[in-house]
Each structure stands twice: as structure tokens, then as C-alpha cells.
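The structure appears right after this line, and notes come after that.
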Ligand code: KG4
Ligand code: ZN
């Protein structure tokens, strides 16, 4: 029997400050390459992302990164089935670089083009795990630097939003609190590691549960941390205690919302994705909750929580299967709801 040829997808993500390209073989979600060139070094000195600098850097990196993704995967352009690109939501200048490049490449190589929503990428990132893969339907909680949203996912392209943040995204709250504390950018991983040495009950920060709503709000919590720092109550506790107490508050809210949504929707399967899904305590506590509440938990591999093109390739594969292709009019969008 001849070996069946697999569907090979090249994907590009330039939605924020990482330039990424990846190649996967669709049927088994095998990641043949995933190159992520981080720009954190550039933006760190400004305490956050400078959009104009991000776009310029994407422009410099896009070809070397795509080239490296192809050569690492030992794949030539002619062997591709499709080119998948994230066209929103994100920083518009950054999205324009990735989308224009993907369009030009698809045209030159005569390959179908696929436009993927960045959030869909995060949603399908657990398919890259070597462990059990999610099956539909599932609940999806995306916790990233730009989004905090809950979805009911019936299948590919069948999503309904159940809740979202009314102000700051979780990752944004982590980054802003880190900045207040004089920590570097991105703040999430730094708070994660400092919190391990702190006392989570040292300070009782608010838990914004919003009376049973499935929405989120983290700006009040952020203000509470700011007031705490301004009141110089800091002397009584350590930096590590502030990090641990802030983080405890965030995680308590996320766990409560998940517990509520599982009971309300009666879907016993949860995908937790996005940059903040890399948080060690969140992973640990969500795993414990899944066991106590009896639902299956699907997490992306640790390295694929933050932005990467492999997840855009997975979502692209679902589009490919449905024959849903974009054309040369594909237009990047800063705001692009799922
Ligand atoms: O998904 P992502 O790479 O970009 C967006 O789509 O926004 O998420 C980036 C966010 C940043 O806010 C970063 O601080 C946060 O994810 N993050 C973390 C951790 N690793 C990354 N937050 C908490 N704990 C972590 N270990
Ligand atoms: Zn993201």
C-alpha cells in the first residue's frame, strides 16, 4: 500500500510582537517546525509593546523566519497544500506585514491562502499536545495579553461567546501590575516565578466575580494593587507576597467562572489556552479543579501557550478540510471577533 500523503500547512503569525512561522502535517497535527522570533528585548525598555517598532521588526524578520520554518521542516514551497495566516485581531501594522507577505507567497507559489483568527489559533492549540486531543463540544477559556473570553465550541467555526472581559485582559493585568512593581516586560512569567516564594494570603485583594455573570473585569484588582503600593503598606510584606496575593485573586476568579460555566452548559470538557495558560499555578489549580469537578482539561504544551504560528497552522488545517480559502482581498483587522 502506498503511504498516504499528508496535508502540509505553512502558517504565519505576526499579530503582536513575535514573528512566527511554522509547518505542520495536518492529519496527525505533527509540528514539523515552529520558529518564534521574540521581540521582547526591543520592547522591554519601553515597559510594553511599541506598535511601530513591532511592525518594522516583523518586516526584517519575516523572510528569515519563514525560510527557517521551511528548512527546519525540510519542506519546499512546492510541497505545501496551503498557506495559513493570522489576519486579526492584533496590532494592525504587525498584521499587515504577515498578511501581505502570506498573500505574496501564496500568489507566487500558486498555493491556496487561508485567513485565520488569532483566537481560533489559541483555541485549537491543544491539538498540538502529544497527549489526548480535545473532542467537540468543549468550553474554551482564552486568557492572553489581549483577550479573556469564554466560548462554547460545538465544532470548527461553531463558536458562541459566553463571557468576556469588560476591561483589561488577564495577561494585560499581569503586565501592568508587573510594571507598577518595577518588574520587566512581559510581566506574567516574572510574577509567576516570584509568586512561588510569596505568601498568597498576605494581602486580601478583591475577587471580581461580577455576581454570577460569565464576564470578567480585572481593572479594579489592578487599581487595588496600585493603591496598596501607593499606601506604602509594602513595607509590611515582600514583593513576592504582593505577586502571590495578586495572582491568587486572578486564579480564584478564573476557577470560579470555569466551575460555573461547566455546570451551566453541562459540557464536561475544557480547553484553557492563551499566554496566561503557561502560568504554573493556574495549570496546577485548573488540573485539580478538573479532577474535583469531573471535567476533562486540555492544555496546549507549555511552549505553545504564548503566540506561535503552529496554532495558526492547526486552525488553518480545519479551514483546509472545509475548503474555506481566502482570496487576494484578505484584509487584516485589528478588531476581529470570533
Ligand atoms: O497569547 P499571548 O502570547 O499574546 C496575546 O495573544 O495577547 O499572551 C501574552 C500574555 C502576556 O500578557 C504575558 O505576560 C502572559 O501572556 N503570560 C503569562 C505567563 N506567560 C505569559 N502570564 C502569567 N503567567 C505566565 N507564566
Ligand atoms: Zn495570542
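Since every read-out is calculated from the coordinates, none of them should be taken as a lab result. Values in this document were obtained by computation on a predicted structure and should not be read as measured data. Every residue, glycine among them, receives a Cβ derived from its backbone with ideal geometry; neighbour counts consider all protein chains shown.
Sorted by mean Cβ packing within 10 Å, highest first, what order do the peptides 118-128, 84-94, 44-54 take?
118-128, 84-94, 44-54
At 222 nm, what helix-only mean residue ellipticity would the chain give, in deg cm²/dmol to the nearest 500, using -39500 (n - 2.57) for each DSSP H run of four or more? Present the calculation step by step, with values, prior to reporting the outcome.
Numbers: 10 runs with 139 residues, N = 338.
Using -39500 (n - 2.57) per qualifying helix, the result is -13000 deg cm²/dmol.
For an R0 of 45 angstrom, estimate the FRET efficiency from the Cβ-Cβ distance between residue 266 and residue 72 and round to the nearest 0.05.
The calculated FRET efficiency here is 0.55.
If you average the sequence gap of Cα pairs under 8 Å that are 6 or more apart and divide by the length of region 85-223, what percent do you get for the contact order?
16 percent
Taking 4 °C and 1.567 mPa s as the conditions, I'd like the Stokes-Einstein D for region 131-299 in µm²/s, using the Kirkwood hydrodynamic radius from alpha carbon pairs.
Reported coefficient: 80 µm²/s.
If you average the C-alpha positions of region 74-126 and of region 1-59 separately, how far apart do those two centres end up, in angstrom?
Distance between centres, Cα-based: 9 Å.
Please compute the contact order of region 131-299 in relative form: average sequence separation of alpha-carbon pairs under 8 Å and at least six residues apart, divided by the residue count, as a percent.
On the way: 306 pairs, mean separation 46.6, N = 169.
Rounded, it is 28 percent for region 131-299.
When only alpha-carbon atoms count, how far does the chain stretch along each of its three principal axes, as whole angstroms with the largest first?
66, 45, 32
Quote to one decimal, in nm, the extra length available between residue 259 and residue 56 on full extension: 0.36 nm per residue of separation minus the C-alpha distance between them.
Roughly 68.8 nm would be gained on extension.
So if I take the centroid of the Cα atoms in region 177-209 and the same for region 272-338, what is the distance between those two points in Å?
Measuring centre to centre over Cα atoms gives 24 Å.
Restricting to Cα pairs below 8 Å that are 6+ residues apart, what does the relative contact order work out to for the chain? Please round to a whole percent.
Relative contact order here is 24 percent.
Would you calculate the volume per residue, in Å³, of the smallest convex hull containing every Cα atom of region 1-154?
It is 133 Å³ per residue.
To one decimal place, what orientation-averaged projected area in nm² is obtained for the convex hull of the Cα set of region 6-65?
For region 6-65, averaging the hull's shadow over all directions gives 4.3 nm².
Arrange the peptides 96-103, 265-272 so that the one whose residues have, on average, the most other Cβ atoms within 10 Å appears first. Display every interim value, and only then the final one.
Values: 96-103: 21.9, 265-272: 18.4.
Per-residue mean Cβ counts within 10 Å order the peptides as 96-103, 265-272.
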